[in-house]
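Let me begin by presenting the structure, written as structure tokens, before commenting on it.
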């Protein structure tokens, strides 16, 4: 399952193993405004959360979508915290239009901030 959202303050993408959002999942979110406290805490970038509620800021070294696969290259700390391999491939089993929507959203969410 994929869900994409965006408003004036936030962009997000959720990938879930099942249509009811249960099982394995990853959520990528990016705020469009940051406070001084966010910057001081290193939270002035995108956030990734998983099904266990673990939240990590930053840590995607690279990503690509080819066909029906999302490939993520994760920093060691990020992969460890999220319980994923540093090189993770996610099978995208949904319509091509949704894959395109996912790719467009990830370009915004995972864009460099510095």
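What shape does the range 50-114 have by the C-alpha gyration tensor, where a ≥ b ≥ c are the square roots of the eigenvalues, rounded means a/c under 1.5, and otherwise prolate means a/b greater than b/c and oblate the rest?
Because a/c hits 1.5 or more and a/b exceeds b/c, the range 50-114 counts as prolate.
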>> Can you divide the C-alpha Rg of the range 2-109 by 2.2 N^0.38 Å and report the result to two decimal places?
In response: 1.04
> So what is the relative contact order for the chain, in percent, with contacts set as C-alpha pairs under 8 Å and at least six apart?
Replying inline: 22 percent
>> What distance in nm lies between label points placed 7 Å from Cα along the C-beta direction at residue 32 and residue 69?
In response: 3.5 nm
>> Take residue 40 and residue 22, extend 7 Å from each Cα along the Cα→Cβ direction, and tell me the distance between the two endpoints in nm.
In response: 4.3 nm
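All of the numbers you see were taken from the coordinates with simple rules; none came from a lab. Remember, predicted model here, so these are calculated numbers, not experimental data. Here the Cβ is made from the backbone with ideal geometry for all residues, glycine too, and neighbour counts use every protein chain on show.
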